[in-house]
Amino acid sequence: MRQCIGVMVIILVFAFARDARAIQPGKTVTWNTGMGKVTFDGKNHADAGMKCLDCHSKIFKMKKGSTSMSMSDITAGRFCGKCHNGAKAFSAKDKANCGECHKK
């Protein structure tokens, strides 16, 4: 019994340690790009009905800073472009929408 509890404690410690490296709900993460600063706001996406696991770890890895992407990835339908395709959310391909994410 003690062994079982010990294993459960270890599993929980690793689970919470992994979550501490990711962006928590309601927090933001910012990237500096050539087109201006891009800030991902988890609250905006949650308000739109999204859940963290809708994207993590299906589209993005859980560890902060572990995903490298470019606009060509996004416009090709990868990463943010999975949803920002004009059908589910505003299109990342439409130049009129650049300011939705990129702030100078």
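Please treat every number below as a calculation from the coordinates, not as lab data. Remember, predicted model here, so these are calculated numbers, not experimental data. All Cβ positions, even for glycine, are placed from backbone atoms using ideal geometry, and neighbour counts span all protein chains on display.
Remark: spin-label model distance Met35-Met50 equals 1.6 nm, labels positioned 7 Å along the Cα→Cβ axis. Each of the peptides 85-91, 27-33 was scored by the mean count of other Cβ atoms within 10 Å over its residues; in descending order, highest first, they stand as 85-91, 27-33.
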